Amino acid sequence: MAKHCKQERKIDGRTAPAKRRRALVAAYEAQIGSALSPATRSLIARAVAIEITLEGIEADQIAGKPFDAEKHARLAGSLARLLDRLA
């Protein structure tokens, strides 16, 4: 039987992206209300991850850097579907 090892990752919660993630999670949770199920919390986490990725792509676009418009469109569609499920 294969031995499963949980790889420990240390993430600095003081970084700007970590703070942005916490702020977005808190905003979504506040909008939805109390008694969030684990499934709802998971959807929120995924929506926030996509939203932060989109913000990075959009920052590159504004800065005149190359960006993947197709990836942006796919992620925006995925985010919209997740947000519809959370509504």
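The values are calculated or read from the model by the stated rules, or taken from the named source; none is laboratory data. As the structure is a prediction and not an experimental result, all values here were calculated from the model. So basically every Cβ, Gly included, is an ideal-geometry build from the backbone, and we count neighbours across all protein chains shown. Side chains are part of the model used for accessible areas, which takes the heavy atoms of the whole protein and leaves out ligands, DNA and RNA. Shrake-Rupley method; radii C 1.70, N 1.55, O 1.52, S 1.80 Å.
For the pair Ala69 and Lys19, the difference between a 0.36 nm per residue extended length and the Cα-Cα distance amounts to 15.3 nm. In whole percents, the pair-distance distribution calculated for the chain from its alpha-carbon pairs, binned every 10 Å from zero, is 15, 36, 32, 15, 2, 0. With a cut-off of 19 Å on the backbone N, the residues of the range 52-87 near the modelled label site 7 Å out from Arg46 along Cα-Cβ are 52-55, 71-87.
Split the accessible area of the range 32-85 by element, probe 1.4 Å, and carbon with sulfur accounts for 56%.
Along the axis of the charge dipole computed for the chain (Cβ charges of +1 for Lys and Arg, -1 for Asp and Glu, origin at the Cα centre), the listed residues Ala76, Gln31, Ile11 are led at the positive end by Ile11.
Counted by Cβ distance under 14 Å from His72, the other residues give a net charge of -3, where Lys and Arg count +1 and Asp and Glu count -1. Probing with 1.4 Å while keeping every protein chain in the model, the per residue accessible area of the chain equals 79 Å².
Which net charge results for the neighbourhood of Arg14, defined as the other residues with beta-carbon distances under 13 angstrom from its beta-carbon, given Lys and Arg at +1 and Asp and Glu at -1?
Working: positive: Lys10, Lys19, Arg20, Arg21, Arg22; negative: Asp12.
Spelling it out: positives minus negatives among the neighbours equals +4.
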